[in-house]
Amino acid sequence: MHEKEKKTVSKRVNHLKLVLIVLALLLIAITYFVISSSKSSSEISSRMNNAIPHFLVKAFPRTDWSKTDPAIIRALSGGPGKDGIPAIDEPKFEPISTFSRSDSVQAIVIRDGESVKVYPYHILVWHEIVNDTVDGVSVAVTFCPLCGSAIVYNRRLPDGTSSFGVSGGLLESNMIMYDRSSETLWQQSTGKALAGRYFGQTLERIKFQLMTMGEIRVKYPNAHVLSEQTGHRRNYLSNPYSGYDTNEDFIFSPSMQDARYPAKMIFVAFIVNDRAVSAPWLELKEGGVYDTEVDGRKVTLRKQNGELSVTDMDGQEIPFYFEMWFSWAVQHQTDGTIFDPKTQEHNE
């Protein structure tokens, strides 16, 4: 082989060696990046899992904690543990004529076909959830005494219907529920999954009314009322939170307070195009018709014969719920709109 050819071959060999070295270094860099990324993700996941309150992790070993809202780290134990406040799973009902408590007792009212079902607060305050079927729909009638939130949800989940229970946890004084099929944790006041298989899902709200037993007696004399024969021994003559809704004290202080309204004033709340809207409940006068605009859409609130309706510009009813001001405000500082009826004359 001529000297010139030898030099050419040598150059090619050196070039090949250089290419192999570069490829080897590149492979090492990629491997390091993958390992580092995996380790970083693992560390983040580990830190997140370690931040989840121990009482929840211990009580819910079947929950998929890899899917978790960061807000869950602020959850507090309410005292009683999982199911320490027992939901009612087999509700019994009695004619309203047998109801012997005060006419001032408030209650959730749901139409059941041609009939009406009534769930009084003096029972809900002890159980917080009633799993029932109304007009062929499986529902969870829910009430959180610490934030005055009364909401009815459809119990149908993506993989089937489930019953709900009380987790024992609170987020900003609001009950954290769980479904018994997957043990996904749900925030009661928003219906959003906080952790578990259904993370990212939101429960469907069901229409209902909030009325006093006196109003219900007059308007629905044939209604059926949740019986105190719940299968649990509770003193339904007493209120474990007596005075809470009329004073300025908190059992679990919220992370912030909005001073625009009294903290425990009851608001009616609903959602329009992902925009949270609320209005002071008692400021909506009997016979009143109120129009407001939410994200360019007209919304009408009507209060007639003691019942409220909220409809959009197409006449479609919008389900609503009730909640104390402090609780609604702490959750909707960035996405909330307030409609105050005092700024608008109502029509009789």
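Observations on the model:
- Once the mean of 1/r is taken over each pair of separate Cα atoms and inverted, region 188-242 shows a Kirkwood hydrodynamic radius of 15.4 Å.
- Directionally averaged projected area (region 81-137, Cα convex hull): 4.6 nm².
- Protection-proxy order for peptides 209-218, 147-156, 226-235, each taking the mean of Cβ atoms within 10 Å per residue, highest first: 147-156, 209-218, 226-235
- Across region 192-200, coupling constants 3J(HN,Hα) worked out from phi with the 6.51/-1.76/1.60 Karplus curve, θ = phi - 60°, read 8, 6, 8, 6, x, 3, 9, 3, x Hz, and Gly and Pro carry x.
- Viscosity 1.002 mPa s, temperature 20 °C, Stokes-Einstein D of region 143-228 from Kirkwood C-alpha radius, µm²/s: 149
- Relative contact order for region 191-273, counting Cα pairs under 8 Å that sit 6 or more residues apart, in percent: 12
- Which of Thr337, Thr246, Thr292 has the fewest Cβ neighbours within 10 Å, and the rest in rising order: Thr246, Thr337, Thr292
- At q = 0.15, 0.19, 0.26, 0.27 Å⁻¹, base-10 log of I(q)/I(0) for region 297-348 (Debye sum, equal scatterers on each alpha carbon): -0.55, -0.87, -1.27, -1.27
- Taken over region 55-104, the convex hull of the Cα atoms encloses 177 Å³ per residue.
- Our coupling estimate for region 230-235, obtained by passing each phi through the Karplus curve with A = 6.51, B = -1.76, C = 1.60 and θ = phi - 60°, is 8, x, 10, 8, 9, 8 Hz, Gly and Pro reported as x.
- Here, region 183-293 yields an orientationally averaged convex hull projection of 11.3 nm² when only Cα atoms define the hull.
- Unsatisfied cross-links (Cα-Cα over 28 Å) in the set Lys92/Lys219; Lys117/Lys192; Lys58/Lys117; Lys298/Lys342: Lys58/Lys117
- Three-way shape call for region 254-343 based on the alpha-carbon gyration tensor, with the a/c threshold at 1.5: oblate
- Overall shape of region 64-226 was characterised from the C-alpha gyration tensor. The equivalent ellipsoid obtained from it has semi-axes of 29, 17, 12 Å, in decreasing order.
- Karplus-based coupling profile of region 87-104, in residue order and whole Hz: 5, 8, 9, 10, x, 10, 10, 10, x, 4, 5, 8, 5, 10, 8, 5, 5, 7, with θ = phi - 60° in 6.51 cos²θ - 1.76 cosθ + 1.60 and x standing for Gly or Pro.
Read-outs: derived from the displayed coordinates by stated rules, not from any lab. Being a predicted model, the structure only gives us computed values, none of them experimental. Note: ideal-geometry Cβ built from the backbone for every residue, glycine included; neighbour counts use all protein chains shown.
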